[in-house]
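Heads up: the structure comes next, in structure tokens.
The values are calculated or read from the model by the stated rules, or taken from the named source; none is laboratory data. All figures in this text were calculated on a predicted structure; none of them were measured in a lab. Backbone-built Cβ (ideal geometry, glycine too); neighbour counts: all protein chains shown. Surface accessibility is based on the protein's heavy atoms, side chains included, excluding ligands, DNA and RNA. Shrake-Rupley method; radii C 1.70, N 1.55, O 1.52, S 1.80 Å.
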Amino acid sequence: MATSPCSSSGVSSSSSSGLGADAGLEIRTRSVEQTLVPLVSQITTLINHKDKPKRSDKTLQAIQRVGQAVNLAVGRFVTVGEAIANENRELKEEMSVACIEARRAGETIAQLTDVANLDHPESDSHITIFTDKTGVVKAARLLLSSVTKVLVLADRIVIKQIISSRNKVLATMEQLEKVSSFQEFVQIFSQFGNEMVEFAHLTGDRQNDLKDEKKKARMAASRAVLEKCTMMLLTASKTCLRHPDCESARVNKDGVFHRMRLALEQVIEIVTDSRPSGENEVAPISIYFGIKEFKSKVEGLRENLYFLSKENLSTMLEVILEHTEDFTDSAYTSHEHREHILKLSKQAKMELEQLVSVWMQAQNQKTKDLMEDLEVAILKTCQCMNELKREVHSAATSLAADLLKYHADHMVLKALKITGVEGNLEAVAEYTCKLSEQKEQLVEMCRLLRHVSGTEPLEITCIHAEDTFQVTGPQIISAAETLALHPSSKIAKENLEVFCEAWESQLSDMSMLLREINDVFEGRRGEKRVYLSLPRPGKHNANLKALKPVKLDTEEQAKIAKLGLELHLLTSDVDSETEKWEDQENEIVQHGQGMSSMAYSMYLFTRGEGLLKTTQDFFHQAEIFAAEGTKLASALHTFSDQVHDDDKPLLLLEAEKLISMCKQLQITVKAAVQGKSATFTKVDACILKTRNMMTLLCQLLPLCCKLLRKNKAGNSCLKPAPPWKEDRMRTGTNTQTLDRRAETFGIQSLENHVTNMTFLESK
């Protein structure tokens, strides 16, 4: 990498009070920013206090309390910073210096605000906040700068963890590439699956923490690639092992490994804010943003006739019109749209010529008539650009709607699967040509949609979609060729299925993307976060797959805010209860933690935050939550079989309550609804049922913990489980833990595929 993780450190902030942190630092994450907010607020209160001739004892005490509170908070903060420094030698020197500066600044502020016991705090004989305001400002600046530096240095450790996790994934990938025996592959892939889950967890947290929406969208795109490619890597590698001499199988596998490496590299570029060889990524400007900038400059002439040159405006229009050639030169643009775009392009040139003419005259002679003519010219130019934007938007979205409808039946993919199983190489070749044509159409669609996407995150989503079609198309072809060469191979058939599902999934995402673009264009929504790497319903879950994904608006979020807050408090209570257990690997604790984690995701959804972006994601999470509750109920029944205690009937009763609640939630989730109002009612019902289950969980955990402690105290309330049950419990715990981690972090469960692998087919 051209830049080290250190490049992501920093802050830049200022306030009306004259506070300003180190200009060399820049805050890039919400967690750092939110940590600083209370401190900035307290310091600003001190700096901006009103200078009055007489100050009451109450005012003096308040000032002193604020100063002491700042100093105490800084002291606790520095203690944590010093502990981090001791654990990370490479940051110890920088962190120690920043901690010393912060402690010194905090003590200075405490001294300057120690005014409550002074008879004349404004007297020159005492250096206080009243006599040395400059000193307070300097101390405040030093404090903000040093505290921010400590936070950003601590943030480097998070970046270091992500890099370390990436390196582990890369190292295991290299081993997977070189394995020649199936048994060895199964063992290494199991390790790889665990490492990918860890990487997904770290990068998911980082994605949510990023302030820059563009970087957040790029991170989501990269994580989506890794999620889908993990399953592709499994089946492509198995196919290669089964057919080691098959060239198309090798090409297929190499393509997956290459794409995963690129995605891993992009994640590191985002978290370290760097690019190879120090190059900056410059994305070509879209028509939407080009017109927006052009109109802004034109309308600026009302305020200032001299702030830019006519050459600048002409160049901006030329760039926009060059981009419209992407539409007029496209074989997929309708004749009607092409004619309208050409006509509006010509009109835009004429309107600009008229505007420049009046503008130049107004510069020489600013008469009322000329200024009125200029206003008319500005309005006509902007109106023409609006019409051009509307026309290219219509051309792109109508093409996308037509293509998505035309390819919705997936006929080419179905034909490839059938002809592949038949071993019909000639027919496979014919349908691969048709798939290549389809790929070119969809790639062109993505390029045109990018021009009218309306926001940077959606623009990045279009670029990601284009890349996905470009790469997945050839991979489907190589997988189909492999199957045609080995028609009786079950793994070759499974491999083709996986790549076809990725193609179908991307087409489904395009439908959602098209709706987002239309919403932005029509002003129904503002800047929206990209929908990419999220928990998805399984392919056999018809009820969830049929749902229309929608997002809650601000009013709906406000309505369920109270329920969401209750859910948040309950997750804290459950976390507190699970921390009391000595055995953190206990099955009951593991299920409780899993449910708490999912409930917290659902709480974030009520705030419009977190990984769950649409109601479809929310309902899927609710279904997994209910399934986790059912697993917990099963664990409680197993646990109750070992209990000889008066509490056993109560435990069984609570377990039955939990089962009933799980069933009710599952029924609610699977209930089909139509319309925005009905969908919101369903969300509300799911949160209510989730809250009730979490309330019950808060009662169950201490009860079970109490029974375990009784046993340890020698009360013999537990009897040993039979050997067959021990085996079942041990196996269940291992598998369920992996499943739960996978479901929580949005990565498909890899362990199931590893466990279910069979040795090479005999045929």
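Test E430 against the criterion of being over 28 Å from S488 (Cα atoms) and not assigned by the TED database to the domain that holds L388, and give yes or no.
Details: over 28 Å from S488 (Cα atoms): no; not assigned by the TED database to the domain that holds L388: yes.
In short, no.
Pairs needed: first member in region 654-676, farther than 13 Å from A626 by Cα and of a type outside the set (V, I, T); second member anywhere, part of a loop (DSSP other than H, G, I, E, B) and modelled with pLDDT of 90 or more; C-beta distance under 6 Å; at least 6 residues apart or different chains.
none
Kindly list, by first and then second residue, each pair from a residue in region 456-477 that is closer than 15 Å to S222 by Cβ to a residue that is among the small types (G, A, S), limited to pairs with Cβ atoms under 6 Å and residues at least 6 apart or on different chains.
Going by the 6 Å Cβ cut-off, the qualifying pairs are P457/A217; I460/A217; H464/A221.
With respect to D373, is the statement that it is within 41 Å of the chain's Cα centre (by Cα), among the acidic types (D, E) and surrounded by 14 or more Cβ atoms within 10 Å (Cβ to Cβ) true? Talk me through it step by step, then tell me what you get.
Values: within 41 Å of the chain's Cα centre (by Cα): no; among the acidic types (D, E): yes; surrounded by 14 or more Cβ atoms within 10 Å (Cβ to Cβ): yes.
So D373 fails the test.
Right, T695: β-branched (V, I, T), within 16 Å of T578 (Cβ to Cβ) and modelled with pLDDT of 85 or more or not?
Details: β-branched (V, I, T): yes; within 16 Å of T578 (Cβ to Cβ): yes; modelled with pLDDT of 85 or more: yes.
Taking the combined requirement at face value, the residue satisfies it.
Given A154, A140, A217, A171, which one is out of contact with any Phe, Trp or Tyr (no Cβ under 6 Å at 6 or more places or on another chain), of a type outside the set (D, E), open to solvent by less than 60 Å² (accessible area, probe 1.4 Å) and free of Cβ contacts under 8 Å to residues at least 24 places away in the same chain? Outline the logic, then answer.
Details: A154 fails: free of Cβ contacts under 8 Å to residues at least 24 places away in the same chain; A140 fails: free of Cβ contacts under 8 Å to residues at least 24 places away in the same chain; A217 fails: free of Cβ contacts under 8 Å to residues at least 24 places away in the same chain.
Testing whether each residue is out of contact with any Phe, Trp or Tyr (no Cβ under 6 Å at 6 or more places or on another chain), of a type outside the set (D, E), open to solvent by less than 60 Å² (accessible area, probe 1.4 Å) and free of Cβ contacts under 8 Å to residues at least 24 places away in the same chain leaves just A171.
To keep it simple, each residue is scored yes or no on (1) open to solvent by 50 Å² or more (accessible area, probe 1.4 Å); (2) over 20 Å from L569 (Cβ atoms).
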residue	(1), (2)
M598	no, no
L604	no, no
L612	no, no
A655	no, yes
V673	no, yes
K676	yes, yes
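Residue by residue, here is whether (1) crowded, with 24+ Cβ neighbours inside 10 Å; (2) touching a Lys or Arg at 6+ places or on another chain (Cβ under 7 Å); (3) at pLDDT 95 or above holds:
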{"site": "L435", "(1), (2), (3)": "no, no, yes"}
{"site": "K439", "(1), (2), (3)": "no, no, yes"}
{"site": "M445", "(1), (2), (3)": "yes, no, yes"}
{"site": "S453", "(1), (2), (3)": "yes, no, no"}
{"site": "E456", "(1), (2), (3)": "no, yes, no"}
{"site": "I460", "(1), (2), (3)": "yes, yes, no"}
{"site": "V471", "(1), (2), (3)": "no, yes, yes"}
{"site": "P474", "(1), (2), (3)": "no, no, yes"}
{"site": "T482", "(1), (2), (3)": "yes, no, yes"}
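I'm trying to understand the selection: among the residues of region 354-411, which are over 25 Å from G454 (Cβ atoms) and not in a helix (DSSP H, G or I)? Working first, answer last.
Narrowing region 354-411 to residues over 25 Å from G454 (Cβ atoms): 354-377, 409-411.
Across region 354-411, the qualifying residues are Q365, K366, T367, D409, H410.
Any residue that is of a type in the set (D, E) and part of a helix (DSSP H, G or I) - is there at least one of those in region 627-634? Before you say what the answer is, go through the steps one by one.
Step one: filter region 627-634 for residues of a type in the set (D, E), giving 628.
If we keep only those that are part of a helix (DSSP H, G or I) as well, we get 628.
The answer is yes, given that some residue of region 627-634 is of a type in the set (D, E) and part of a helix (DSSP H, G or I).
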